[in-house]
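The values are calculated or read from the model by the stated rules, or taken from the named source; none is laboratory data. The structure presented is a predicted model; accordingly, all values stated were derived computationally and were not measured. Neighbour counts are summed over all protein chains in view; Cβ atoms, including those assigned to glycine, are modelled from backbone coordinates with ideal geometry.
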Amino acid sequence: MVKDQASEKQNIYKLLEQVCDPEIPVLSILDLGIVRDVILKENLLEIVITPTYTGCPAMDMIEVEIKAILQGNGYEKTIVKTILSPAWTTDWLTESGKEKLLAYGIVPPKGKAKGKRALFADADEIACPQCNSENTEMISQFGSTACKAQYRCKDCQEPFDYFKCH
């Protein structure tokens, strides 16, 4: 490993930028904010991640992809450590990630995380990513994945996902 840890970490983050979320392939794991730390030890690299949801099915694939990209670039001794605390929040999404979500047709979270009471709150007023109409309705609290809600635009009639705040 290179002696300059700052440039070494910068190189590792560039590699991690190439690891995409298998459920939302336009987002890297850095866009999602699930990479919590990069720890360089003598001959060992540790990547610390937090799942978007406990039990998220994508985490196993993400771990495999992290190891593959790093080992393919000379980091043979790589471990991926998953931590659950603090719990991931949509506040950790990067602005670039939010822009990528919208361009992909998924409305990014609106505002700050609401906590566990969000399930009992009124549905957010969400603009349609297709026509920008605010004449929309929530169809289901859960969309194609647990982290998204399903909405429909009443004007253009298109269904769309909303990445819920949590």
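Among the numbered conditions (1) in a helix (DSSP H, G or I); (2) not assigned by TED's automatic domain parsing to the domain that holds PRO129, the only one that LEU40 does not meet is (1).
Could you grab me the full set of residues in segment 1-44 that are aliphatic (A, V, I, L, M) and touching a residue at least 40 places away in the same chain (Cβ under 8 Å)? Answer for segment 1-44, where residues must be aliphatic (A, V, I, L, M) and touching a residue at least 40 places away in the same chain (Cβ under 8 Å): MET1, ILE12, LEU15, LEU16, VAL19, ILE24, VAL26, LEU27, LEU30, LEU32, ILE34. Scanning segment 17-69 for residues that are within 13 Å of THR145 (Cβ to Cβ), out of contact with any Ser or Thr (no Cβ under 6 Å at 6 or more places or on another chain) and charged (D, E, K, R) yields one hit, ASP21.
The number of residues in segment 82-131 that are surrounded by fewer than 17 Cβ atoms within 10 Å (Cβ to Cβ), polar (S, T, N, Q) and either within 28 Å of LYS154 (Cβ to Cβ) or modelled with pLDDT under 90 (or both) comes to 1. A count restricted to segment 16-48 and to residues that are modelled with pLDDT of 95 or more and over 17 Å from GLY97 (Cα atoms) stands at 7. Taken together, the residues in segment 125-159 that are under 24 Å from GLY55 (Cα atoms) and assigned to a strand (DSSP E or B) amount to 4.
Scanning segment 4-15 for residues that are of a type in the set (A, V, I, L, M) and at pLDDT below 95 gives a single hit, ALA6.
Is it fair to say VAL48 is in a strand (DSSP E or B), touching a residue at least 24 places away in the same chain (Cβ under 8 Å) and under 14 Å from TRP92 (Cβ atoms)? So VAL48 fits the description; yes. Inside segment 16-37, can you point out the residues that are of a type in the set (D, E, K, R) and in a loop (DSSP other than H, G, I, E, B)? Of everything in segment 16-37, those that are of a type in the set (D, E, K, R) and in a loop (DSSP other than H, G, I, E, B) turn out to be GLU17, ASP21, GLU23.
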